[in-house]
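Quick one: the structure is below, and I'll ask about it shortly.
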Amino acid sequence: MFDLDSIVDNEETSSELEDVVMGLIINAGQARSLAYKALRLAKTGDFAQAEEMMAQSRLALNEAHLVQTQLIEADQGEGKTKVTLVLVHAQDHLMNAMLARELIAELIELHQRVG
């Protein structure tokens, strides 16, 4: 992943922090996209493929969540990590992906019951 000590607030490592944050955005976005793909599959009755897409979505979300956890650990609640608009944006992506997955899992279950 990345060196926790290298992402603390200092100008020389801001590029590395941006790279880490972009990884968070990419993984969260992938998780969300895969979950919606799973929902589209479930709507057609392809529940096996939908389950596979949800499993892949979970893996991407786990990667994003791991990065978030490491950022929190590096910060230690002391404001060591530089908070940028991109970091806030990444957090939004992660939370949206988590919420989308939860709701989509419920919708898939409903499609299975009805179908």
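Accessible area per residue for the chain in Å², computed with a 1.4 Å probe and the full protein assembly in place, what is it?
Result: 62 Å² per residue.
Taking Cα atoms of region 61-110, Rg/Rh with Kirkwood Rh, to two decimals?
Taking Rh as the inverse mean 1/r over Cα pairs, Rg/Rh reads 1.12.
Here's something else I'd like to know. Based on alpha-carbon positions alone, could you give the equivalent ellipsoid semi-axes of the chain from the gyration tensor, as √(5λ), descending, whole Å?
34, 11, 10
Percent of accessible area on the chain owned by carbon and sulfur, 1.4 Å probe?
Roughly 53 percent, rounded to a whole number.
The values are calculated or read from the model by the stated rules, or taken from the named source; none is laboratory data. Note that this is a predicted model, so its numbers are computed, not measured. With ligands, DNA and RNA removed, areas are computed over all heavy atoms of the protein, side chains included. Shrake-Rupley method; radii C 1.70, N 1.55, O 1.52, S 1.80 Å.
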